[in-house]
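See below for the structure under consideration.
Bear in mind these aren't lab numbers, they're just calculated from the coordinates by the rules spelled out. Please read all numbers here as calculations on a predicted model, not as lab measurements. Here the Cβ positions follow ideal geometry from the backbone for every residue, glycine too, while neighbour counts run over all protein chains shown.
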Amino acid sequence: MNLHPLAILLQTGLLLALAPFVSGVIKNWKAKLQNRRGPPIWQPYLDLIKFLGKDVVISEHASWVFSIAPYVVFLTALSAGLMVPILTVQAPLSLFGGALALIGLLALGRFFLALGGLDPASAFGGMGSSREMTISAIAEPALMLAIFTVAITAGTTDLSRVAAALHEANWQLLNPAHLMAFAALFIVLLAETGRVPIDNPATHLELTMIHEAMLLEYSGRLLAFMEWGASIKQLVLMSILVNLFLPGTLAADGTVAAFGLAFLIFVLKLLGLSAAVVVVETVNAKLRLFRVPDLLSAAFVLAALGLLSTFLFQ
Amino acid sequence: MPPGFPLMSAIFINVGLILFLVGTVSSLVLQRRGNLAVAFAFGCSGLAALCGLTAFITFLVAGFSRPIPAYELFPSLVPNVHFSVRIDALGAFFGMIVSLLGVALSVYSFGYAKAFVGRKNVGILGAFFNTLLLATTLVFLADNAFFFLIAWEIMALSAYCLVSFEHEHDETRSAGVLYFIMSHIGTGCLILGFLLLFQASQSYGFETFHALGDRMPPAKRDAAFLLFLFGFGVKAGIVPLHTWLPAAHPVAPSNVSALMSGVIIKTGIYGLTRVSFDFLGAPPNWWGVTVLTIGTISAVLGVLYALMEHDLKRLLAYHSIENIGIILMGLGAALMFLHTHHPVLAALALSAGLYHTINHAVFKALLFLGAGAVLHATHTRNMEEMGGLAKRMPKTALFFLIGAVAISALPPLNGFVSEWLTYQSLLQGFGTTPSLIRLMFPLSGAMLALTGALAAACFVKAFGITFLAQARSQHARDAHEAPFSMLLGQGILTAVCLLLGLFPVQFLTLLDPVTKQLTGEVLSSKLTAGSAWVLSGTAPQGGTVSTLGITLIALCLSSIPVALWWLFARRSRKRIDATWACGQPILQPQMEYTATGFSKPIRMIFKALFRPHREVQREYDYSPYFTTTIRFSAHVEEVFETRIYRPFRRWVWWISRRMRALQAGSIQAYLIYIFLTLLLLLFFAL
């Protein structure tokens, strides 16, 4: 287990480049499914470039916390992404942390995101922060228990070793423990990335928005890093889902062909998961805020059942 | 091991103890000259703590797993009672915590106590501060049950006096009395527990207690365990014995709050560790299960109640209950592993608990000092009157933010490291036993995750409402940065937070003597995955983490935003402008989210627990749409207070009233009582 600078660079580049693509695909497909034309898939890239060049407007009430928050969000999501196996079983940064560090880093980003929402003294930001922290708090036990279910069968919290163990165990999707953990993680993914039925990324209506409410006062490059960070976080969580539960297709050796193939399959898996997200977003209405805990406790129960079934089927 | 080493440690400790005494006496003598009393009191306590810190750290670095021979501080006139002290690894570890905080708090107190000069008797504050530190150090060193209890009592009484320092407020007096009563109920249980041990060993010396439980009848051993759990649990503030803690800690002066939340409640953890790992022998399974359950419940309930608070110091006090819970999760798991004969895992879980003990001491003291600085500047503990302090007291804000990140268990700081170790031990615990009990480990882990996420929510609230956005009152608008000594005290603790977070492997070597003494295992060499900068679980394939590595990588990655700025945004400008106020002319502070509003979703989700009450009164002319005044009040119910303590109190009153009939005040009745008692005793004697 060593650090390969090249692997780190490659994965960083991949995360940076692929994250807006996934957001764009989801936005575009959702529009198509709803009989709208929708923005082109590469629109998020154009947005980012536009935001980066724009002037920054900062609230007169905001302190230094407001200005560092986007960078914390961006850097924590990116560092967390380096701990996930994406193309090969070996994640570039698995030595520095596994599932627990990843969850911790994403939580650190969220901590600063919520502070950034509170700082400009607007009621919207506070509302977004309050809701974001509440929902993440009740999503966290489900997330942790689902990860535990996988970690206990693999005997490790290191995501690379989890992927490897599942790979070697001739892993099949019909294992009930993993099926339920997958379902639980999928619900957590919807919550953590601010998707319908928990949050609506397309709305700026004050009564319903959560994530967008915290970003209202951001502009220019600060907004760019907030948006980019959020899409990287989404990509990281989706990669965990596709690569831990369908690990069989990671690159076996270091040849360029194997990498190319692994990349292709990875993108296909991501597109499949994105399609699932799009369908869920389209066929569901947003839940009332106080109904969200019901959904998330369902995720918790699913994860707990998954854990119980590892106990029963051993 | 150089032969002079133990002697040196002992000398340093004796000098420290004497300096504490000097501090006590001199500040009492100088109580009429406020500034001089402050200088002497906190000068002495700082130097004494520094001596203690040197002694304990050299002891732990040298890695003595066997104690230095006990010696008597002063000769005793009573048989069985020896004022003997002994430095062993466990005592030295806790001694290190109290000395570390002693140094930082003494520095802080120079500035903080100045605010009392002329208004209150600072001599008394300094004297009791020194006594408290002295007694706490002795608690960790005492080698005799009697001496331990005496030190324990002095500690409780001086803490009571410090809590009641601002006794002109009603709230303070009643909190002090509550603390006094609860503390003594606890001590009563401890006395009974030690009597049970005495019965088995016929001595009060701690060395005769070692692994005594294996020679005791199981029923008595379990009784002793429960008595100690109750007695030390009161001091530690476990749920449901916690009610005194959020009452007493906030009303004390902030340096004392920091000491109480940082160290005094840890004496409960020390006692429990000492008793269950050293005295009571091989634990049955239910001990560990009980401790783990209590820990989990305390952690979750502590943080939930903390979220409901808008008094900054009460919020921090509730977080102490949460963190005690997390520590107990480690200890409980360790007891369970000892039962199933997994000493390495037991050492890991114990290290996790002890690591969290020092971490909590450091970041909680840091946060209380920050709260003290805020209180000093705004004269209020109510968060709803704060806001915007990050601009007026930037350094305090930075220190408080670092403390908040640390206590929320976020990487790369120390709270994350100790919770990471706890998670690892819980995960590996799943394989230690085939019974259904093992499901407890991952479920506790999930509850730990809930606790961590709620703590993060709570500290977004605590930091965000206090330091960010607009000032909500004139007090907050007039706030000023704390004086240098108060900042230095916070700075020391911030630095320790960073060190404990970034260099866990190096710190864990200090825990080696402790785990060697209590579980027979040396851990630090097993906790590195090849490199001294990477922390691993005891099974190297179980997972690794490197907080330093993450930090360095994040620093390298920050070149990306810099490069993008250079590419795209070099010529962009930064403009300061008003926040959008929905078309209102000016953004008022009343439009901000409040602390109460922030935690409303959580209050609604857990309303079965909180039973929130709210009352809205409005007055209006003509039509309810044009309200002229509106009054809103809301509170949550303290379930333990209303469901357990209040009925219990009523019951005690009822009994006492009945008992009063016995005490009619007539001398004839008393003579009859004496006569009857005599008869009864004679009857027993025959």
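Some values worked out for this structure:
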quantity: Amide proton proximity set for residue A:58, modelled H, under 5 Å, gap of 5+; calculated: B:575, B:576, B:577
quantity: Region B:641-685 shape via C-alpha gyration tensor axes, a/c threshold 1.5; calculated: oblate
quantity: Relative contact order of chain B, pairs being alpha-carbon contacts under 8 Å that are 6 or more residues apart, as %; calculated: 11 percent
quantity: For B:605, B:150, B:185, order by how many other beta-carbon atoms lie within 10 Å, fewest first; calculated: B:185, B:150, B:605
quantity: Of B:685, B:664, B:644, farthest towards positive along the dipole that unit charges on Lys, Arg, Asp, Glu beta carbons give region B:641-685; calculated: B:644
quantity: Per-residue [θ]222 nm for chain B (sum of -39500 (n - 2.57) over DSSP H runs n ≥ 4, rounded to 500); calculated: -22000 deg cm²/dmol
quantity: For region B:594-637 and region B:206-271, distance of Cα centres in Å; calculated: 38 Å
quantity: Nearest-20 debye value, chain B charge dipole, Cβ charges on Lys, Arg, Asp, Glu; calculated: 1060 debye
quantity: Taking B:667, B:407, A:103 and counting other C-beta atoms within 10 Å, the order from fewest to most; calculated: B:667, A:103, B:407
quantity: Using alpha-carbon coordinates, inclination of helix A:159-168 to the longest axis of chain A, degrees; calculated: 40 degrees
quantity: For region B:228-359, the fraction of alpha-carbon pairs in successive 10 Å shells from zero, as %; calculated: 14, 46, 28, 10, 1
quantity: Share antiparallel - DSSP beta bridges, the protein assembly as shown, percent rounded to 5; calculated: 75 percent
quantity: Paramagnetic label zone (point 7 Å from Cα along Cα-to-C-beta, residue B:214; backbone N under 20 Å) in region B:263-304; calculated: B:273-288
quantity: Per-residue ³J(HN,Hα) for region A:261-266, Karplus 6.51 cos²θ - 1.76 cosθ + 1.60, θ = phi - 60°, Hz, x for Gly and Pro; calculated: 4, 4, 4, 4, 5, 4
quantity: Spin-label model distance (nm) - residue B:663 vs residue B:649, 7 Å beyond Cα toward Cβ; calculated: 2.0 nm
quantity: Förster-model FRET efficiency, 60 Å R0, residue B:77 and residue B:488, C-beta, rounded to 0.05; calculated: 0.85
quantity: Whole-Hz ³J(HN,Hα) from phi, Karplus 6.51 cos²θ - 1.76 cosθ + 1.60, for region A:80-90, glycine and proline x; calculated: 4, x, 6, 9, 9, x, 10, 9, 10, 4, 7
quantity: Within region A:1-102: Cβ-based charge dipole about Cα centre, in debye rounded to nearest 20 (Lys, Arg +1; Asp, Glu -1); calculated: 560 debye
quantity: Acute angle (nearest 10 degrees) that the helix A:99-118 long axis makes with the longest principal axis of chain A, alpha-carbon atoms; calculated: 10 degrees
quantity: Inter-label distance for residue B:673 and residue B:32, nm, one decimal - labels placed 7 Å from Cα along Cα-to-Cβ; calculated: 4.6 nm
quantity: Full-extension gain in nm, residue B:634 to residue B:21, via 0.36 nm per residue minus C-alpha separation; calculated: 215.9 nm
quantity: Cβ neighbours within 10 Å from other chains - mean over B:323-336; calculated: 0
quantity: Exposure proxy order (Cβ contacts within 10 Å, fewest to most) of A:42, B:533; calculated: A:42, B:533
quantity: Leading residue at positive end of dipole, region B:520-636 (Cβ point charges), from B:550, B:584, B:628; calculated: B:584
quantity: Reference-scaled alpha-carbon Rg (2.2 N^0.38 Å with N residues) for the protein assembly as shown; calculated: 0.97
quantity: Amide proton proximity set for residue A:210, modelled H, under 5 Å, gap of 5+; calculated: A:200
quantity: Calculated FRET efficiency for the pair residue B:341/residue A:263, C-beta based, R₀ 56 Å, to 0.05; calculated: 0.70
quantity: Karplus (6.51, -1.76, 1.60) ³J(HN,Hα), θ = phi - 60°, over region A:288-302, in Hz, Gly and Pro reported as x; calculated: 4, 3, 7, 8, 4, x, 4, 4, 6, 6, 4, 4, 4, 5, 4
quantity: Positive-end residue of B:117, B:288, B:100, charge dipole of chain B with Cβ unit charges; calculated: B:117
quantity: Pairwise FRET efficiency - residue A:17 versus residue A:46, Cβ, R0 = 22 Å, nearest 0.05; calculated: 0.95
quantity: Only Lys, Arg (+1) and Asp, Glu (-1) charged, at Cβ; region A:5-312 dipole about Cα centre in debye; calculated: 660 debye
quantity: Value of [θ]222 nm, deg cm²/dmol, for chain A, DSSP H segments ≥ 4, -39500 (n - 2.57) each, nearest 500; calculated: -23500 deg cm²/dmol
